[in-house]
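Written below as structure tokens is the structure these notes are about.
The values are calculated or read from the model by the stated rules, or taken from the named source; none is laboratory data. Given the structure is predicted, the values throughout are model-derived calculations rather than measurements. Every residue, glycine as well, gets a Cβ built from its backbone with ideal geometry; the counts of neighbours run over all protein chains shown. What goes into the accessible areas is simple: the full protein's heavy atoms, side chains included, and nothing from ligands, DNA or RNA. Shrake-Rupley method; radii C 1.70, N 1.55, O 1.52, S 1.80 Å.
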Amino acid sequence: MTTRCGFVALVGAPNAGKSTLLNRIAGAKLSIVSPKAQTTRFRTLGIVMQDNAQIILVDLPGIFKPRRRLDRAMVNAAWSGSQDADLTLLLVDAKSGLREDVREIIAKLAESKNRIWLVLNKTDLVERGELLPLTQEINGLINVEHVFMLSARSGEGVSDLMARLAAELPEGPFLYPEDDLTDLPDRLLAAELVREQIFMQTHEEIPYQATVETESFKERPDGSVRIEVTIYVSRPGHKAILIGEGGHKIKSLGARARMELQELLDRKCHLFLNVKERAGWDEEKARLRAIGLDD
């Protein structure tokens, strides 16, 4: 039986639904999701078997105008991930439509020689009659091979996309074991689940001014794991907010992250969080490397 295998990049503006789509297809939380923009910071692989094909989905940071070294590294990761892929899925939020940032992404993609498929996401939030004019307008800006209309949140239309990917990826051997879900190490997944809770449980600038690193990940004789995680923040006030009165906030962050992690790793986790102030961490090359980014 002929096998197929290839890398499929998910490209779009922040909050287009790339991480939600990856998690929906993989059937597991591989990339963190929040209602806030710019949640994803680095490339995340989701490895999915479909029929006789291994589909390697590459969830990339949303593309936006960078200001900091961190921002530049995120945007560079997105564009390089797209260039290296066998196929690019251009995700567009059907509800938001052709915003200026989406037009800029399309213009740059149009300059490449990549195979591009258009995915209109969040179609459950708009009237069906609005989708055809949006599709026609995008087709006037860029040549796409196929168009898919789906809802990553509900799963509607996702199976059609997967079937077409499985049929059209390049022929070749599988690149990963068939039971692998991602190439991310467990210690990085732990840090990301803590960072997700910072996005979900804090507000305004704090999630964007914090980074999370796993300092220690140790197996225990009983099969559980002890994980020590450090949250770096830019300002003293942010540290106080993350800890909370009497340690209430940090306990809440840890409890929710631990539940998610135990479900993902399928074993008991002992999670310990520490918060440190480190002004300018988002301009440090070492901090960016620690979270999987290169400047």
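A few points about this structure:
- Considering only residues in the range 141-164 that are open to solvent by 50 Å² or more (accessible area, probe 1.4 Å) and in a strand (DSSP E or B), the one that is nearest to GLU215 (Cα to Cα) turns out to be MET149.
- Within the option set ALA191, ALA167, being assigned to a helix (DSSP H, G or I) and either within 19 Å of the chain's Cα centre (by Cα) or acidic (Asp, Glu) (or both) holds for one residue only, ALA191.
- The criterion of being at pLDDT 90 or above, more than 16 Å from the chain's Cα centre (by Cα), of a type in the set (Ser, Thr, Tyr) and surrounded by fewer than 22 Cβ atoms within 10 Å (Cβ to Cβ) does not hold for SER112.
- If you go through the range 86-109 and keep only what is assigned to a helix (DSSP H, G or I) and open to solvent by less than 60 Å² (accessible area, probe 1.4 Å), you end up with ASP101, VAL102, ILE105, ILE106, ALA107, LEU109.
- Criterion violated by LYS36 - all others in (1) more than 19 Å from ALA152 (Cβ to Cβ); (2) modelled with pLDDT under 65; (3) of a type in the set (Lys, Arg) satisfied: (1)
- Residue within the range 278-295 that is among the charged types (D, E, K, R), outside any loop (DSSP other than H, G, I, E, B) and at pLDDT 90 or above present: no
- Here ARG278, ARG220, ARG187 are screened, and the one residue that is open to solvent by 80 Å² or more (accessible area, probe 1.4 Å) and out of contact with any Ser or Thr (no Cβ under 9 Å at 6 or more places or on another chain) is ARG220.
- Residue selected from the range 194-234 under the condition hydroxyl-bearing (Ser, Thr, Tyr) and closer than 18 Å to ALA257 by Cβ, by the criterion nearest to the chain's Cα centre (by Cα): THR211
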